[in-house]
Structures are given as structure tokens and as C-alpha cells.
1. Could you tell me whether any residue of region 26-33 is over 25 Å from K197 (Cα atoms), part of a strand (DSSP E or B) and modelled with pLDDT of 95 or more?
2. Do we find a residue being modelled with pLDDT of 95 or more and touching an Asp or Glu at 6+ places or on another chain (Cβ under 6 Å) anywhere in region 147-158?
3. Name the residue, out of G89, G69, G109, that is open to solvent by less than 50 Å² (accessible area, probe 1.4 Å), in contact (Cβ under 8 Å) with a residue 12 or more places away in the chain, over 24 Å from Q31 (Cβ atoms) and not aromatic (F, W, Y).
4. What are the residues in region 231-253 that are under 17 Å from the mean Cα position of the chain (by Cα) and either assigned to a loop (DSSP other than H, G, I, E, B) or among the aliphatic types (A, V, I, L, M) (or both), if any?
5. Considering only residues that are under 22 Å from I87 (Cβ atoms) and outside any strand (DSSP E or B), which ones fall in region 254-271?
6. Does F278 fit the bill of being surrounded by 14 or more Cβ atoms within 10 Å (Cβ to Cβ) and modelled with pLDDT under 95?
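The values are calculated or read from the model by the stated rules, or taken from the named source; none is laboratory data. Predicted, not measured: the structure shown is a model, and the values here were computed from it. All Cβ positions, glycine included, derive from the backbone under ideal geometry; neighbour counts span all protein chains shown. Only protein heavy atoms, including side chains, enter the accessible area calculation; ligands, DNA and RNA are left aside. Shrake-Rupley method; radii C 1.70, N 1.55, O 1.52, S 1.80 Å.
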Amino acid sequence: MKHFLIYTNKYKDKELKTTEKIKKYLADRGQKVTVKEAEWKNKTSNLTDAMAEAGDIPADVDYMIVLGGDGTVLQAARETKSMGIPIIGFNLGTLGYMTELDSSNLEEGLERLIAGDYQEQSRMTLKGKVFHSSGETEEGWALNDIVVSRSGSLQIIKFLIRVNGQFLQEYNADGMIVTTPTGSTGYNLSAGGPIVKPGSKLIVLTPICPHTLMQRSIALASDDVVEIEIPMGKEDMHQTVEVLFDGKHRVILETGDCIRIVKSEESIKFLQLNQVSFLEVLHKKMREV
């Protein structure tokens, strides 16, 4: 007997119909099932709260089935990142690059999970430490990406980028995306960045609307240390930007502040049932746009 956690988005699964269907299917086959509804909170600046993990998830869970879209998968991964629970997503959203199951292959997929017929893939994650000029620090974590972007008026932001302590480039742009391979199909893709196979070990830097034709994405090794400093802006203007971790948790940076981004020690396990390649899945998703 395996213990399944169904992590469900009640806004996507109306009346929890799919949740109950999966719960009954698993229970009828002698499996233990726990259901948790995602709690959506508007965290805007307190990273300590944003890093908190769910305390109501049983310690003996073997698999987590996440019902929703990629946003729900990100939320579930954040809450369980230190527990090491393998994740498989059921797509109730739109594209769902991080989901394996849908209504067309649900029962087959559940049977394969029960039988242990799957592959496990480890996905790298990022952690960022913000250094304020006041001496205060804050930390955040992301499975997808860490985005530094303008806050407030529509001004061009100047960024100074260092890698492993060595100056790389000065960017003038609307923002900077630092993404994992998992996050490469998200904001990074919309900003013109490259698509990277999810199991790869890379950090990708992609400027948002760079104000020169020569500034493009840069792929770095997973053990590189990326530092983004916020200097004085154009005509020595004070700059204010925001850092978003997986698009949800925010901290404000100002001139004189910087953020250091590295590969996190915590990885997220994803279960793969499909035998098709990532490129085949990508081709299918692109046709759904």
C-alpha cells in the first residue's frame, strides 16, 4: 500500500470532482489517500513567511498528485521541498509544461503509479539572498525563476551582473530573469529566452526587453554564483526594483542593494510516466498555444 497526497486547486477543480474521482479510484485499490487544498495567500514582502512549509502534510506520503496547472505545482513544490515527496501533475490549467496526467490518461497513469512503473527525474532549484545596503539580508527559493524587475514608474533599469565575482555585463532593461531549466518554458520563454530540457543542470540569464540588440540570454553552469547589483540609474537617479521568487513572493531592492543567486541544495523530484521525449511533449504543447 502506498500513501498518496492529492494536492488540489479548488479554483481549477470545481466542486472537487476530479479530486474525488482520483481519491475513490486509489482507495478502491487499497491505497491510502490524503487530500490537501492549496491555500493561496498574497505574500508581498515577508520572505520568512513565504519560505514556510505546510505543517499538515503527513510524513509518510509516497507520492503527491497535484491538480491544477503549473502554478499549483510550484505552490506544492514550495510547501514540500524539504520532504522529498515525488510530484506528478494533473493538468487542469492551460499548457501545463510541468504536468504528466490529464483526463485522457488518468486511469492508466494511476495504475502505473500504483505498480511503480515510472521514472524519477530530479529538478534543480535556485536560492537567492538579498543584501540590503542597510546590512539586512533576506532569502528566497524558486523552482522556476527569480526575476528582478522595475517597480513603479516605467523607467529603464540598470543592472550590474557578476558571475563568480567577475564582472560580466551591464544591462539596461526592464528586468532580468534568472531561470532553472524547469522555468525555461515560463517567463523566460515569453522574454525570448531559450528552452532547456528540464533535467539539465544550467542557470540561464535572460534580460527583459533589453535596450540594445546585443544583449541576449546567457547560459551558465549550475554551480556558478550570479550577483545582480542595483547601481545608480540614468543621470544618477535612485533606482527601486522588486525581486519575485516563482512570480509570487516579493522583496524590494534599491540602489546599493544586490541579490546573490546560486543553485539550491534542495531539488524537486518529478515522476515521469510518458515514454515520449521532451521534444515531443514540447511540440504538442506548442501546438496547443
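1. So far as region 26-33 goes, yes, one or more of its residues are over 25 Å from K197 (Cα atoms), part of a strand (DSSP E or B) and modelled with pLDDT of 95 or more.
2. no
3. Values: G89 fails: over 24 Å from Q31 (Cβ atoms); G109 fails: over 24 Å from Q31 (Cβ atoms).
Every option except G69 fails the conditions.
4. V243, L244, D246, G247, K248, V251
5. Result: S264, E265, E266, S267.
6. Against the criterion (surrounded by 14 or more Cβ atoms within 10 Å (Cβ to Cβ) and modelled with pLDDT under 95), F278 qualifies.
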